[in-house]
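Just below is one structure, and these are the notes that go with it.
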Amino acid sequence: MKRLVTIVVLLILAVSLSFSKEGMWVPTLLEKYNIEEMQQMGFKLSAKDVYDVNYSSLKDAIVIFGRGCTGEVISDEGLLITNHHCGYRAIQSHSTLEHDYLSNGFWAMNKEEELPNPSLSVRFLEYMEDVTSKVLEGTEEVEGDKKQKKIDKNIKQVVEEVTIEGKLEASVKPLFYGNQYFLYVYKRYTDVRLVGAPPSSIGKFGGDTDNWMWPRHTGDFSLFRIYADKNNEPAPYSEDNVPFKPKKFLPISLKGVQPEDFTMVFGYPGSTTEYLPSNAIDIIMNQRDPDRIKIRGRKIEVMKKDMEDDPLVKIKYAAKYSGVTNAWKKWQGEIKGLSRMKAIEKKKAFEGEFKQWAIENNTWDSTYQQVFDDFNGLYATYGRVVKASDYYNEIFWRGPDIFQMASQVNGYLKKVKKENKLPAGNSLEDLKKELDKLYKDFNRPTDEKIMAVLLPMLVNDLEHKFLPSSTKEKIVKLGSQKLVEKVYRKSALCNKDKLYEILESGKVQKLEKDPMVNFYREFRTHYYIYIDPVLALIEETINSSMKTYVAGLVEMKKGQPFYPDANGTLRISYGKVEGYQPKDGVRYKHKTTLEGVIAKDDPEDYYFDVPEKLKKLHQEKDYGIYSEGNTIPVCFVASNHTSGGNSGSPVLNADGHLIGLNFDRCWEGTMSDVMYDPEVCRNISLDIRYALFIIDKFAGAGYLLGEMKVIK
Ligand code: ASP
């Protein structure tokens, strides 16, 4: 325990002396470590204005939106703004050929017209708390497996204590690889309705071509509204629900941004790994990113062609396609950035310094030599197993939809077997609900083609021990095309009506022999015997070495920036509005305008086809109160350290007013999840004035502005 206390004290010291725009900081630690620097940079509020448990603070306006974005409340009637790409699945789910909201946008002209989204929820953070001592209580005396079990037990207890009444949700997450633990307590609202979304030709303007790029001209926003019961408490969708009254909503500033202005991003960055050793960087750059780019590249080719050929497929696959291309493009930028930064060499040089420091402090022989020996041994094995895991992930678990259907059906069959009868209660209804979601956007020919191009990659690229031998033989013997054709043709899963008929008849044993279910089972079994547990064990061992290493880093780096990796919890990044130099001889400005949107107009290219109405507003300069100079501001860049999950996060100015929505990072800085370069890492935000202009002038939904607090 003494060592832990020392580490935590050192963490505090380390952070307090930092000066850097790099970092995703913990809101409860702002007062101690960051607020002084933030105020020196221009911030006018106090740490308590940002996060406070007893009084309303900025944190009360921020939500986790859906499964992995951020959103913020902008009116006292629960109106919420997030990115278009965060609302995309919801917008898509309401779209049909007749009502193509993806292409044409959607605007509720009053509350009755808002659209409910059964699969969407938002979570407010009630409070967070350092629970390190509770989690590590009684773990000093035990080792290995038993230690982890004790930690898990303690965590369970901490969570149970705060969720007793069942109204709140809680989770405990490790920071610094388990050197610290924090408890997060949330309230979840499940009635969240779609209020407005611009057409994709604004909300997704530039598409994949411009994604991860600056200069950018995307109006990446959508609007939702949170509903609650009469007591303002969470309730499932009901016509009786009323607009949620937030503890806090964000005022919106029309003042705009100037270079050097202070900016702060408050949201939920998903995952970063800034402290990895050189061995891990090597695997990311030279194996994992290239593997996943290659596999996704094949999926993208198939989807793209089918989407171009059939407008209905285009709607059905829109969200899936964006999901696949987003990371595919990011990984390409990440490899480039890490190579440019000479990331492996940098880490190795740093590891040399670390060794020197440890020798001087007499801790090399006793502690850290073992850590580095472990890294060398473990990462070699990790590389081989994670390759298999990446292939299974991309090809099966995130591959053809039919595998997800097979997974659902298999789960149901397992229940039947276990209970030796048809499961009672809602099991069948629940199964059908899940299947309905999958069938809604299923196009069998596309799915089949995806499977056919992906299967050979498994056989060609993976060590054979990672494949079920019987399936491998079949693939080699029949050829993957023929095999896939046969399995799809014979499977009941390809025909929703037929499958439901079997399920409803109760004669589900028929499905035990279904070729797709069995195909799925062979891979699943192999994965859960030969890949998943092995990988989990290696990762656990690596993490335990990382825990020691990171504790050492903190000790060594006293006085320098040190922040925990992002882990999907609430963080603050701060920096300033600034352009950057992407390459020799080129300097990018900090902002873009409507002139750039018009200049990119290309009716031949779906991604750049500017809507006529927007062109007309531009021609007539009908800009209302949202203009700057003679045009409308569209996006800006700033030096806030952000990651996936920060999509939709508010960008706040020195007064804590909303000036933008974070939605992306620039190409040269996409490696910032692994290594940050202050010279070129920039977050891209939508200027809030563009959103308001679109709502008011383009969509004619200006009534929504009436409920916002707009500061001129
Ligand atoms: N555009 C990104 C995303 O969708 C946001 C980011 O990673 O900076 O995840």
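Remarks
Condition check ((1) among the hydroxyl-bearing types (S, T, Y); (2) more than 21 Å from E501 (Cβ to Cβ); (3) over 34 Å from the mean Cα position of the chain (by Cα)) across all residues:
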position	(1), (2), (3)
W397	no, yes, no
P400	no, yes, no
A406	no, no, no
L413	no, no, no
K418	no, yes, yes
L422	no, no, yes
S427	yes, no, no
E434	no, no, no
I450	no, yes, no
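- Residue list for the range 375-395, restricted to those being within 24 Å of the chain's Cα centre (by Cα) and open to solvent by 40 Å² or more (accessible area, probe 1.4 Å): K387, N393
- Residues satisfying the stated conditions in the range 55-80, i.e. touching a residue at least 40 places away in the same chain (Cβ under 8 Å), within 16 Å of the ligand (Cβ to nearest atom) and part of a loop (DSSP other than H, G, I, E, B): G66, G68
- When the residues of the range 81-107 are filtered to those that are open to solvent by less than 50 Å² (accessible area, probe 1.4 Å) and assigned to a loop (DSSP other than H, G, I, E, B), the one that is farthest from the ligand (Cβ to nearest atom) is D100.
- Of the residues making up the range 397-423, those that are farther than 29 Å from I450 by Cβ and in a helix (DSSP H, G or I) number 4.
- Among the residues of the range 650-668, those identified as near the ligand (Cβ under 9 Å from one of its atoms) and touching a Ser or Thr at 6+ places or on another chain (Cβ under 7 Å) are N662, F663, R665.
- Residue check for L312: open to solvent by less than 30 Å² (accessible area, probe 1.4 Å) and either modelled with pLDDT of 95 or more or away from the ligand (no atom under 16 Å from the Cβ) (or both): no
- Test: residue in the range 27-41 that is surrounded by fewer than 23 Cβ atoms within 10 Å (Cβ to Cβ), within 16 Å of the ligand (Cβ to nearest atom) and at pLDDT below 95: no
- Among the residues listed as K616, K712, K697, the single one being out of contact with any strand residue (DSSP E or B) (no Cβ under 7 Å at 6 or more places or on another chain), at pLDDT below 95 and away from the ligand (no atom under 16 Å from the Cβ): K712
- Note on the range 165-259: enclosed strands (runs of 3 or more DSSP E) holding 3 or more residues that are open to solvent by 10 Å² or more (accessible area, probe 1.4 Å) and in contact (Cβ under 8 Å) with a residue 60 or more places away in the chain are 180-189.
- Subset of the range 245-297 that is of a type in the set (F, W, Y) and more than 23 Å from the chain's Cα centre (by Cα) - its residue that is nearest to Q332 (Cα to Cα): F262
- Only a single item in (1) of a type outside the set (S, T, N, Q); (2) open to solvent by 10 Å² or more (accessible area, probe 1.4 Å); (3) within 22 Å of R398 (Cα to Cα); (4) away from the ligand (no atom under 16 Å from the Cβ) is not met by L276, and it is number (3).
The values are calculated or read from the model by the stated rules, or taken from the named source; none is laboratory data. The structure presented is a predicted model; accordingly, all values stated were derived computationally and were not measured. Cβ atoms come from the backbone with ideal geometry, glycine included; neighbour counts cover every protein chain shown. Accessible surface is based on the protein model in full, side chains and every heavy atom, while ligands, DNA and RNA are left aside. Shrake-Rupley method; radii C 1.70, N 1.55, O 1.52, S 1.80 Å.
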